[in-house]
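**Student:** Please read through the structure below; I'll follow up with questions.
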Amino acid sequence: MRITREEVLHIAKLAELQIPDAELERVTDELCRICDYVDQLNEVPIPSQADPFAPGPGRVGLREDIVRPTRLAHAPSAFAPEFVDGFFLVPKLDGMEEE
Amino acid sequence: MSRVAEIVDAMRAGQSSPGAMAREVAARLALAETRALNAVLAWSSDALDREAARIDGQGHGALTGVPVAIKDNIVTTEQPTTCGSKILEGYVSPFNATAVVRLRGAGAMIAAKTNLDEFAMGSSTEHSAFGRVHHPLDPARVPGGSSGGSAAVVAAHLVPAALGSETGGSVRQPASFCGVVGVKPTYGRVSRYGLVAFGSSLDCISVFGETTDDAARVLSVISGHDPLDATTVDRPPTELPDGPASLDGMTIGLPQEYFPDDLDPGVRAATDRAVSVLRELGAKVKPVSLPHSRYAVPTYYVIAPAEAASNLARYDGARYGQRVVGEGGGLRDLYRATRGAGFGPEVRRRILIGTYVLSAGYYDAYYTKAQQVRVRIAQDFGQVFGQGVDYLFTPTTPTPAFAAGERTEDPVSMYLADIFTAAISLAGLPAMSLPIGRIDGLPIGGQLIAPAFDETGMLAVGMALEQAIDPTAEALS
């Protein structure tokens with residue numbers, strides 16, 4: 001199947017990824033080739049009521065919901081781009097609502 | 001005796017010390033830098049000395065004084081964890097992974113962090129932001145991936161064991177290429193807490209060793225239930241085998257789909273010889289069929305990118321890692337610019353594929369379909385193991401280590417390097433690769449596959465085969 005450049009740009013927007021214009025054609029071509037390869041899954045007959053596969057334990061055992069202090073070897077200020085007075089600082093949300 | 005056992009015994013007998021081991025490992029790592037393997041991303045003599053001092057204060061444990069290298073997508077507090085990505089360059093985790101906590105608790109020494117394909121996405125360790133890893137026996141070739149750094153440091157005898165991670169074959173495939181042992185446990189056997197998430201329904205911390213015993217000793221320490229990972233199974237840690245298994249009366253299945261007509265002649269010769277050895281050891285060998293395994297790679301390349309697209313959404317430049325402020329200066333500009341600049345081409349490709357197959361209009365055609373085929377793949381294994389087959393044996397890879405650059409321009413040809421390993425990952429089963437011969441000096445791996453949670457039995461069969469076969473013999477001579 002053919003994925004269009006417009007679709008790739010839409011997917012990139014959903015994925016919050018910037019794709020330089022110079023790379024768009026190559027990326028589009030690669031995605032088409034991968035999807036063509038994956039399309040062979042349509043050869044496999046599947047019963048209409050197939051249960052999904054879940055590896056691991058049959059039942060997920062949750063630990064007790066107890067608040068415990070988390071001991072960190074390094075404070076957030078050591079690894080955050082901007083961390084002030086207990087807050088992670090990010091740019092304003094300007095323009096986000098429009099999208 | 002395995003190298004890990006030798007070190008532990010020497011420590012116990014007072015013939016060596018953690019300090020002496022730290023100096024020995026530092027000397028080897030320094031020498032390796034001159035060989036330009038580029039397998040190690042972080043190590044220091046000071047860190048090794050601190051590890052030795054810490055171990056000196058502990059009683060003797062199952063891994064006292066054993067240096068272990070850690071793939072750089074498993075978090076450690078003493079070294080950076082970059083995942084081979086610019087987006088995490090310089091990041092130091094505020095906590096240790098459970099596997100690392102258990103290694104340290106057993107007296108192991110964290111020796112180094114190893115290079116990998118960015119976020120474990122790749123089969124050659126060429127997709128690292130910090131340069132490709134060179135094959136220890138032929139620098140023009142790749143060591144496999146994504147845990148190529150861990151495979152290379154064990155193959156180069158810098159450490160006797162290392163942790164890697166598997167999503168679709170990322171330990172077994174480089175183990176095969178580099179001529180070492182690689183063991184992937186059952187999904188849920190080893191805690192994923194502190195393993196940077198890629199494909200959460202597939203990811204398994206796994207082990208490299210110079211020998212099966214080396215890998216088994218490390219696996220027995222890191223396995224077992226962890227309250228910090230709800231997908232771990234409530235079972236005791238993997239037991240060490242008593243020794244090589246007797247294969248008398250055992251049935252080994254050969255899935256015919258894993259021996260295609262176009263299999264590399266050297267790989268075929270090496271696996272044929274290993275099958276003969278299994279027969280000589282008393283095993284009954286019979287052909288079996290896993291008909292849906294041929295769909296494993298396309299299934300994997302829907303499910304793994306879908307999970308990756310979700311997991312990697314957390315790298316947004318807000319709380320940790322690199323930050324790039326976009327042109328508009330807003331929050332969304334920051335997300336897009338940070339992720340666009342921080343992720344390499346293969347990671348971007350997989351995020352886009354994953355986002356596409358999860359998007360409205362394509363979800364059922366791709367993601368639901370792949371989940372349904374995954375059921376069929378897993379059922380095939382269940383049927384074979386339910387019909388009296390104890391273990392399965394296959395080649396680990398369709399070819400020996402390929403040349404660097406040979407597959408980087410064609411993503412699908414790179415993905416096919418996992419053609420014999422991906423089905424096992426999708427089914428969540430344990431498997432191991434061990435060296436069974438060479439072609440023109442390059443190692444070939446054989447793969448043993450076991451029913452869920454039978455790691456101990458599988459390792460015992462691996463030991464028997466390892467003892468009976470010359471892994472350095474040329475397969476076509």
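**Student:** I need the calculated FRET efficiency for the pair B:R35 and A:H10, taking r as the beta carbon distance and R₀ as 35 Å, to the nearest 0.05. Mind showing how you got there, number by number?
**Tutor:** On the way: r = 47 Å, r/R0 = 1.34.
It comes to 0.15.
**Student:** Between the range B:214-232 and the range B:1-34, how many Å separate their Cα centres?
**Tutor:** Using only Cα atoms, the two centres lie 24 Å from each other.
**Student:** Using r as the Cβ-Cβ distance of B:R314 and A:Y37, and R0 as 30 Å, what FRET efficiency do you calculate, to the nearest 0.05?
**Tutor:** The calculated FRET efficiency here is 0.60.
**Student:** Separate question: Treating the beta-carbon of each Lys and Arg as +1 and of each Asp and Glu as -1, no other charges, what is the dipole magnitude of the range B:212-310 about its Cα centre, to the nearest 20 debye?
**Tutor:** Roughly 340 debye for the range B:212-310.
**Student:** Find which of B:A318, B:G122, B:P244 sits farthest along the positive direction of the dipole of chain B, computed with +1 on the beta-carbon of Lys and Arg, -1 on that of Asp and Glu, about the Cα centre.
**Tutor:** Of the candidates, B:A318 comes out farthest on the positive side.
**Student:** Here is a follow-up. Skipping prolines and chain starts, which residues have an amide H placed within reach, meaning under 5 Å, of the one on B:Y187, given they are 5 or more residues away or on another chain?
**Tutor:** B:L429
**Student:** Over every pair of different alpha-carbon atoms in the range B:339-415, take the mean of 1/r and invert it; report that Kirkwood radius in Å.
**Tutor:** Roughly 16.2 Å, rounded to one decimal.
**Student:** Could you give the size of the charge dipole of the range B:350-477 about its Cα centre, using +1 on the Cβ of each K and R and -1 on the Cβ of each D and E, expressed in debye and rounded to the nearest 20? Present the calculation step by step, with values, prior to reporting the outcome.
**Tutor:** Values: 6 positive and 13 negative charges, 94 e Å.
Once rounded to the nearest 20, the dipole reads 460 debye.
**Student:** What percentages make up the Cα-Cα pair-distance distribution of chain B when the bins are 20 Å wide from 0?
**Tutor:** That works out to 26, 59, 14, 0, in percent per bin.
**Student:** For B:H60, project a label point 7 Å along Cα to C-beta. Then give me every residue of the range B:195-236 with its amide nitrogen under 19 Å of that point.
**Tutor:** Answer for this model: B:214, B:217-218, B:221.
**Student:** Check chain B and count each lysine pair with an alpha-carbon distance under 25 angstrom, considering only pairs eight or more places apart or from different chains.
**Tutor:** 7
**Student:** Right, another one. Based on Cβ point charges of +1 for Lys and Arg and -1 for Asp and Glu, what charge dipole magnitude is obtained for the protein assembly as shown about its Cα centre, in debye rounded to the nearest 20?
**Tutor:** In debye, rounded to 20, the protein assembly as shown gives about 800.
**Student:** Of B:A99, B:P298, B:Q447, which is farthest on the positive side of the dipole of the protein assembly as shown, counting Cα position, with +1 on Lys and Arg Cβ, -1 on Asp and Glu Cβ, and the Cα centre as origin?
**Tutor:** B:A99
**Student:** Name all residues of the range B:330-363 having a backbone nitrogen under 20 Å from the label point set 7 Å from the Cα of A:R26 along its Cα→Cβ direction, giving them as ranges.
**Tutor:** B:337-354
**Student:** Let me ask another. What whole number of Å gives the distance from the Cα centroid of the range A:1-65 to the Cα centroid of the range B:405-424?
**Tutor:** 17
FYI, it's all coordinate maths here, none of it is from the lab. No experiment lies behind these values; they were computed from the predicted model shown. Don't worry about glycine lacking a Cβ; one is built from the backbone with ideal geometry, like all the others, and counts go over all protein chains shown.
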